[in-house]
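Asker: Please find one structure pasted underneath; my questions will follow.
The values are calculated or read from the model by the stated rules, or taken from the named source; none is laboratory data. As the structure is a prediction and not an experimental result, all values here were calculated from the model. Cβ placement follows ideal geometry from the backbone for every residue including glycine, while neighbour counts extend to all protein chains displayed. Protein only, heavy atoms only, side chains kept; ligands, DNA and RNA dropped before computing areas. Shrake-Rupley method; radii C 1.70, N 1.55, O 1.52, S 1.80 Å.
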Amino acid sequence: MRVLVVADIHGNRAALEAIREPFDVCLCVGDIVDYGPEPAWCVDWVRQNATYCVRGNHDHGVAQNVDIQGAGGFRFLTSVTRPIAVATLSGDQRRYLAELPTSRMFTLNGKRFLLVHATPRDPMDEYAPADPAFWYPRLAGLKVDYVLTGHTHVPYTLRVRNTLVVNPGSVGIGRDGNPHASYAIIDGDDVQLKRIEYAIEETVGAMEATVRDATARLMLTDVFRTGGLPTKWLLRNGSLSNGNGNGNGNGNGNGKIAH
């Protein structure tokens, strides 16, 4: 059985369309919306193709129209793009996001899977690095072969006891310095993390046509083209807006990923 795992699509139609892998089952680890210019198309793709999907923090925010007050970095980009996503999605599409479970456990081909956007302890928001010491307590008592997670936008696999943690990275908006679409393929016992080039300028053009804020347009262009948010965009009022000083806007220094 060939399983396609996608996460953090973030409204990037061109990136999602570039993935042409054959699959028997598609699993989506959440965050279909925000940032990118075509969230409705991406929601429909997931509805049509994903056998199982869980709700990410951005899916929840768009479904519930959660207001974000962002001073800088990715929080600012969320505050600009969320109203666009809310206005673009139909009521039925937002209900779909609202009704997604925050975790899902199931069996495929004799293997037990747990699907969460972030971690089993905090399914939508906790930032999970590729660190065995972090994962050991969060997997305690869980008898699963695979934990599929996203949220960090950084792909990795990690063996912890008898469980393989798989983060496919982000389809739509890289934060690890690589702008290519990222995803995973699980084929039997073989797990592959893959990257693929896509029509980035098509995404940039669509974004420029929908985002009115000039600063946000420039920031998003940099993110789509470089796979990260340059430090110049994190500096606001003399301090790093994300609180971790790593120059890519991945976190906020308290175990939660920046929105």
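Asker: Out of curiosity, is R47 surrounded by fewer than 20 Cβ atoms within 10 Å (Cβ to Cβ), part of a helix (DSSP H, G or I), within 15 Å of the chain's Cα centre (by Cα) and touching a residue at least 12 places away in the same chain (Cβ under 8 Å)?
Answerer: No, not satisfied.
Asker: Has the range 87-101 got at least one residue that is in contact (Cβ under 8 Å) with a residue 12 or more places away in the chain, farther than 30 Å from R217 by Cβ and either touching a Gly at 6+ places or on another chain (Cβ under 9 Å) or of a type in the set (A, V, I, L, M, F, W, C) (or both)?
Answerer: There is no residue in the range 87-101 that is in contact (Cβ under 8 Å) with a residue 12 or more places away in the chain, farther than 30 Å from R217 by Cβ and either touching a Gly at 6+ places or on another chain (Cβ under 9 Å) or of a type in the set (A, V, I, L, M, F, W, C) (or both).
Asker: Would you check if there is a residue in the range 8-15 being of a type in the set (K, R) and touching a Ser or Thr at 6+ places or on another chain (Cβ under 6 Å)?
Answerer: No, the range 8-15 has no match at all.
Asker: Could you look through the range 97-109, keep only residues that are more than 17 Å from the chain's Cα centre (by Cα) and more than 13 Å from G61 (Cα to Cα), and pick out the one that is most open to solvent (accessible area, probe 1.4 Å)?
Answerer: Going through the qualifying residues, I end up with N109.
Asker: Could you please find all residues in the range 24-44 being in contact with a strand residue (DSSP E or B) (Cβ under 6 Å, 6 or more places away or on another chain) and either of a type in the set (G, A, S) or surrounded by fewer than 19 Cβ atoms within 10 Å (Cβ to Cβ) (or both)?
Answerer: Of everything in the range 24-44, those that are in contact with a strand residue (DSSP E or B) (Cβ under 6 Å, 6 or more places away or on another chain) and either of a type in the set (G, A, S) or surrounded by fewer than 19 Cβ atoms within 10 Å (Cβ to Cβ) (or both) turn out to be D24, V25.
Asker: Does at least one position in the range 149-157 carry a residue that is of a type in the set (S, T, N, Q), out of contact with any Leu (no Cβ under 9 Å at 6 or more places or on another chain) and outside any strand (DSSP E or B)?
Answerer: Yes, some residue in the range 149-157 is of a type in the set (S, T, N, Q), out of contact with any Leu (no Cβ under 9 Å at 6 or more places or on another chain) and outside any strand (DSSP E or B).
Asker: Yes or no: M124 touching a strand residue (DSSP E or B) at 6+ places or on another chain (Cβ under 9 Å) and open to solvent by 50 Å² or more (accessible area, probe 1.4 Å)?
Answerer: For M124, the condition - touching a strand residue (DSSP E or B) at 6+ places or on another chain (Cβ under 9 Å) and open to solvent by 50 Å² or more (accessible area, probe 1.4 Å) - is not met.
Asker: Related question: Does G141 count as open to solvent by less than 30 Å² (accessible area, probe 1.4 Å), over 17 Å from Y52 (Cβ atoms), among the small types (G, A, S) and not in a strand (DSSP E or B)?
Answerer: no
Asker: Condition first: under 25 Å from R2 (Cα atoms), of a type outside the set (K, R) and part of a loop (DSSP other than H, G, I, E, B). Can you find one or more residues in the range 190-213 that meet it?
Answerer: For the range 190-213, residues under 25 Å from R2 (Cα atoms), of a type outside the set (K, R) and part of a loop (DSSP other than H, G, I, E, B): present.
Asker: Condition first: closer than 20 Å to Y156 by Cα and open to solvent by 30 Å² or more (accessible area, probe 1.4 Å). Now tell me which residues in the range 1-20 satisfy that.
Answerer: The one that is closer than 20 Å to Y156 by Cα and open to solvent by 30 Å² or more (accessible area, probe 1.4 Å): R2.
Asker: For A71, state whether it is among the aliphatic types (A, V, I, L, M), open to solvent by 10 Å² or more (accessible area, probe 1.4 Å), closer than 17 Å to L229 by Cβ and touching a strand residue (DSSP E or B) at 6+ places or on another chain (Cβ under 8 Å).
Answerer: Yes.
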